Each structure stands twice: as C-alpha cells, then as structure tokens.
Amino acid sequence: MPQRARIGHFGTIDASAAAGKANAMKPATEARSFADAADADLAKAVQLFLNANRTGYRRIIVWAEKGTVSLSGSVRSFFLRQMAVVLARRVAGVRHVVDGLEVDWEELGFHGRG
C-alpha cells in the first residue's frame, strides 16, 4: 500500500517519502502502477495544501506526472493565481509547476476584454 500524503511540521507535504525505495523493488508493471498512485497522491497533496491555505482555490484542478504538477481552472485575481503556483511549489515532491490558471475577468469587474 503506497504511503499517503501527510502534512509535515514546516508547512510542507511529504507525498512521496517511500516512492524511490518501493519502485526499486517492484517489477516494471507494478512500478508503473505505483508511480501512477504516487502521482495521484502528489496531486491530492497539492489540492489539499491549496485548499488549506485559501478558499479561492476550490475551482483549481491539479494533475501530477513524475513530479510535474499542472494547475488549471480559474481564480478570482492575479494575486491568487501567483500564490497558487508558489504554494504548489512548497509541496514536497513537486519539481515543476505548469501554470494553466486563468483569472475570472467577470469577478474582477471587467466584462469586456479587448
């Protein structure tokens, strides 16, 4: 059973503490399914960390693959967009963050762009 994501003492989340050791001992198909589980755990850890820090992140979808986390969806401000990327980088196991977030212009009061 893969180790679940947990919040550490310094505000980071350790989502892949046993991933390296377990993958070295598994056959290729089992290692691949363990990697998929580790990716799912990492995505869940990032989502939990975002939601624990701000309520404005409920519309963010998080995907993870081999330490690269992709954020998509919409947020209410440019500040929340920037902070989501910063917070995602703080989660243990995240190597890169792909920012696919959009700012909801209508919530900012801009109804017509361009």
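Listing for the model above:
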| item | result |
| --- | --- |
| Search result, residues across segment 63-105 that are over 14 Å from Phe49 (Cα atoms), touching a residue at least 24 places away in the same chain (Cβ under 8 Å) and basic (Lys, Arg) | Lys66, Arg76, Arg95 |
| Selection within segment 34-62 - surrounded by fewer than 17 Cβ atoms within 10 Å (Cβ to Cβ) and either within 16 Å of Val98 (Cβ to Cβ) or among the acidic types (Asp, Glu) (or both) | Asp36, Ile61 |
| Subset tally (residues that are closer than 17 Å to Val94 by Cα and surrounded by fewer than 17 Cβ atoms within 10 Å (Cβ to Cβ)) for segment 64-82 | 6 |
| Failed item in (1) farther than 16 Å from Val94 by Cα; (2) at pLDDT below 90; (3) outside any helix (DSSP H, G or I), with Ser33 passing the rest | (3) |
| Candidate set from segment 52-64 (those that are touching a helix residue (DSSP H, G or I) at 6+ places or on another chain (Cβ under 6 Å) and assigned to a helix (DSSP H, G or I)); member that is farthest from Arg76 (Cα to Cα) | Asn53 |
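The values are calculated or read from the model by the stated rules, or taken from the named source; none is laboratory data. Bear in mind that the values here come from a model prediction, so they are computed numbers and not experimental data. No Cβ is skipped: glycine too gets one built from the backbone with ideal geometry, and neighbour counts run over all protein chains shown.
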